[in-house]
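The values are calculated or read from the model by the stated rules, or taken from the named source; none is laboratory data. Small disclaimer: the values here were computed from a predicted structure and weren't measured. No Cβ is skipped: glycine too gets one built from the backbone with ideal geometry, and neighbour counts run over all protein chains shown. In case anyone asks, the SASA skips ligands and DNA or RNA and just uses the protein heavy atoms, side chains included. Shrake-Rupley method; radii C 1.70, N 1.55, O 1.52, S 1.80 Å.
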Amino acid sequence: MDFTYHVEGGDFTNAGSTSSEVKRMLKKLGVSPDIVKRTVVALYEAEVNIVAHAYRGDINVDLEEDKIRIVLADEGPGIPNVDWAMQKGNSTASPKVREMGFGAGMGLPNIKNNSDELHIETEVGKGTTIEFVNYFN
Amino acid sequence: MTIEEVAALVQGEIVCGDSFKNREVAYVFASDLMSDVLTIRDTSNLLLMTGLSNLQSIRTCEMSDIEMILVVRDKAVTDEMLELAEDNDMIIVKTKYSMYKTAGILYGAGIPAIY
């Protein structure tokens, strides 16, 4: 099964609605609660990142028998230094993002901790693609 | 201790999910930073105490499987927040007390921190 969702940058009202839909879908399919939680925490952090940092993005969810693969591709400023951004506490978030309870430099580390495989491609001035995979067993 | 007893201790008001007032509170985590909340692995019987009252605090609880929220500092809980909380079977308690005072009361009453 393959689904695509669109996310608009700056739309904090709907930030997390895709993660919510994916959570409902995984629960309905009987995926174990621990894996559902890891997947939606990683997805939610990544979805908030698009809203917080990018102009727009698409989230593709590919559900297979043994795993879920999620690709979040955004059009945005890109990440100049991924190693720096992967360290806890490093962030370029705006005050508005911080008001929402994010932007403390925890997003990418949280995504890493809650995924079995993580791959990040980014180009400054163009955008970022985050791909992560979680296995069901 | 039940969430209803917690509400009484902090002179709080249940603003959503009254039918869940008998849920047991085993631990409390206090934070306004949602990314910190998202790092907690075991959230069973966890009460989130927060002064961050917006849709993202409810969304964070949804993703983290947290079903009990205590909003401090008399922050407004909007209709959108209530709707999302109801959809996820959450109970929300609101208190006029500050986070420090609320935490002190609950810790003094014997509810431990999650870490």
List the lysines whose Cα sits under 19 Å from the Cα of B:Lys94, skipping any in the same chain fewer than 8 residues away. B:Lys21, B:Lys75
What 222 nm value per residue comes from the helices of chain B, counting each DSSP H run with n ≥ 4 as -39,500 (n - 2.57) and dividing by all residues, nearest 500 deg cm²/dmol? -9500 deg cm²/dmol
Using the Karplus curve 6.51 cos²θ - 1.76 cosθ + 1.60 with θ = phi - 60°, work out ³J(HN,Hα) for each residue of the stretch A:64-80 in order, rounded to whole Hz, and write x for Gly and Pro. 10, 4, 10, 7, 10, 10, 10, 10, 10, 10, 10, 9, x, x, x, 10, x
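Could you work out the Rg to Rh ratio of the protein assembly as shown, with Rh taken as the Kirkwood radius (inverse of the mean 1/r over all Cα pairs)?
Details: Rg = 18.1 Å, Rh = 18.6 Å.
Here Rg/Rh amounts to 0.98.
Roughly what % of DSSP beta bridges within the protein assembly as shown run antiparallel, to the nearest 5?
Details: 35 of 48 bridges.
Rounded to the nearest five, the antiparallel share is 75 percent.
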Hey, got the average number of other protein chain Cβ atoms within 10 angstrom for residues in A:38-50? 3
Just to be sure I understand: if you take the accessible area of chain B alone plus chain A alone and subtract the pair, with a 1.4 Å probe, what total do you get in Å², rounded to 100? 1900
In terms of solvent-accessible area of protein heavy atoms at a 1.4 angstrom probe, what is the ranking of A:Glu65, B:Glu4, B:Glu80, highest value first? A:Glu65, B:Glu80, B:Glu4
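Could you look at the stretch A:2-135 and say what percent of its accessible area is carbon and sulfur, using a 1.4 Å probe and all protein chains? Provide the component values of the computation, followed by the final result.
Numbers: 2960 of 6280 Å².
Accessible surface attributable to carbon and sulfur in the stretch A:2-135 totals 47 percent.
Under the definition of Cα pairs under 8 Å and six or more residues apart, what whole-number percent is the relative contact order of chain B? Walk me through the intermediate numbers first.
On the way: 214 pairs, mean separation 38.4, N = 115.
Computed over chain B, the figure is 33 percent.
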The ³J(HN,Hα) series, computed from each phi in the stretch B:18-24 with the Karplus coefficients 6.51, -1.76 and 1.60 at θ = phi - 60°, rounded to the nearest Hz and given as x for glycine or proline, is 4, 5, 9, 5, 8, 4, 7
Descending principal axes extents, chain B, alpha-carbon based, whole Å: 33, 28, 24
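Accessible area per residue, 1.4 Å probe, Å², for the protein assembly as shown: what's the number? Don't skip to the end; give the middle numbers.
Details: 11790 Å² over 252 residues.
Per-residue accessible area for the protein assembly as shown comes out at 47 Å².
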Skipping prolines and chain starts, which residues have an amide H placed within reach, meaning under 5 Å, of the one on B:Val93, given they are 5 or more residues away or on another chain? B:Val15, B:Ile69, B:Leu70, B:Val71
GNM of chain B, Cα pairs under 10 angstrom: of B:Ala85, B:Ala103, B:Ala76, the biggest fluctuation goes to B:Ala76
Quick one: what are the phi-derived ³J(HN,Hα) couplings along the stretch A:20-35, Karplus 6.51/-1.76/1.60 with θ = phi - 60°, whole Hz, x for glycine and proline? 5, 5, 5, 4, 4, 5, 5, 5, 4, 7, x, 5, 4, x, 5, 6
Solvent-accessible surface ranking, highest first, for A:Arg69, B:Arg73, A:Arg24 at 1.4 angstrom: A:Arg24, B:Arg73, A:Arg69
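Which whole number gives the average, over all residues in A:15-27, of C-beta atoms from other chains lying within 10 Å of the residue C-beta? Could you put the intermediate results ahead of the total?
On the way: counts 3, 8, 3, 0, 3, 6, 0, 1, 4, 1, 0, 0, 0.
The shielding value for this peptide is 2.
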Top mean-square fluctuation among A:Glu21, A:Glu99, A:Glu123, Gaussian network model of chain A, C-alpha springs under 10 Å? A:Glu99
Ordered by number, the residues of the stretch B:56-84 that have at least 40 Å² less accessible area in the complete protein assembly than on their own chain alone (1.4 Å probe) are B:Gln56, B:Arg59, B:Glu62, B:Met63, B:Asp65
Please report the antiparallel percentage of the DSSP beta bridges confined to chain B, to the nearest 5. 25
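Take A:Met1, B:Met34 and sort them by solvent-accessible surface of the protein heavy atoms, 1.4 Å probe, largest at the top. If you can, show how the numbers build up before the last one.
On the way: A:Met1 120, B:Met34 0 Å².
Largest accessible area first, the list is A:Met1, B:Met34.
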Take each of the peptides A:12-18, B:21-27, B:89-95, average the number of other beta-carbon atoms within 10 Å over its residues, and list them starting from the highest. B:89-95, A:12-18, B:21-27
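Given just the C-alpha atoms of the stretch A:33-137, how large is their convex hull per residue in cubic angstrom?
Values: hull volume 9.5 nm³, N = 105.
Once divided by residue count, the hull of the stretch A:33-137 is 91 Å³.
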